[in-house]
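Encoded as structure tokens, the structure appears first; notes follow it.
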Amino acid sequence: MVHSKEWKEKWKKPEIEHGKLTRYNFLVHYPEGLVLGNYVDLSQFVYIQARGGVIIEDNVEIGPFSAILSESTIDNKLEKIVLKKGCCIGTHSTVMPGVTVGENSIIGAYSFVNKDIPPNVLAFGVPCKVIKSSKEQKDST
């Protein structure tokens, strides 16, 4: 994710209260379970359920209407999610409990991420699958 120097100078950690929209219009349940890095860009109407723990490292971007769910009542999972430095989660995507998205990886829009995604890849789909590594992307240009 590339943001301007001006954006980074203005960025500050948002105030987050359980179950209330922030001033940036995203919502967190169990904010005590959320570790938020620097220069994180959470778009409007992102939902984070952090009861099982959610770590969002520096320079992560999460697109609008995405869900980060550390708890699933359907299969009774309560596990930490880790979004590594520089990864991007596309709009309307869902990340399920226990998943780690690797550093600098990109998750395409409308994806369902229920397994770990390695670093430096492009992945998308339902369920989410790795499509290209960053080496393959460089080779094809």
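Values quoted throughout were computed directly from the atomic coordinates according to the rules given, and no laboratory measurement underlies them. None of the values given here were measured: they were computed from a predicted structure.
When the chain is fully extended, how far beyond the present Cα-Cα distance does K132 get from K115, taking 0.36 nm per residue of separation?
On the way: separation 17, 0.36 × 17 = 6.12 nm, distance 1.62 nm.
Here the answer is 4.5 nm.
Scaling the Cα radius of gyration of the chain by the globular reference 2.2 N^0.38 Å produces a ratio of 1.01.
Taking every alpha-carbon pair under 8 Å whose residues sit at least 6 apart, the chain reaches a relative contact order of 14 percent.
Quick one: length gained pulling N25 to E6 fully straight, 0.36 nm per residue minus the C-alpha distance? Don't skip to the end; give the middle numbers.
Details: separation 19, 0.36 × 19 = 6.84 nm, distance 2.15 nm.
Length difference between fully extended and current span is 4.7 nm.
For K115, the lysines whose Cα falls under 23 Å of its own Cα, not counting residues fewer than eight places away in the same chain, are K77, K80, K84, K85, K129, K132, K135.
Label region 40-84 by shape, choosing from rounded, prolate and oblate, from the square roots a ≥ b ≥ c of the eigenvalues of the Cα gyration tensor; if a/c is under 1.5 it is rounded, and otherwise prolate applies when a/b is larger than b/c, oblate when it is not. Because a/c hits 1.5 or more and a/b fails to exceed b/c, region 40-84 counts as oblate.
For region 1-62, the square roots a ≥ b ≥ c of the C-alpha gyration tensor eigenvalues yield an a/c of 1.5 or more together with a/b exceeding b/c, which makes the shape prolate.
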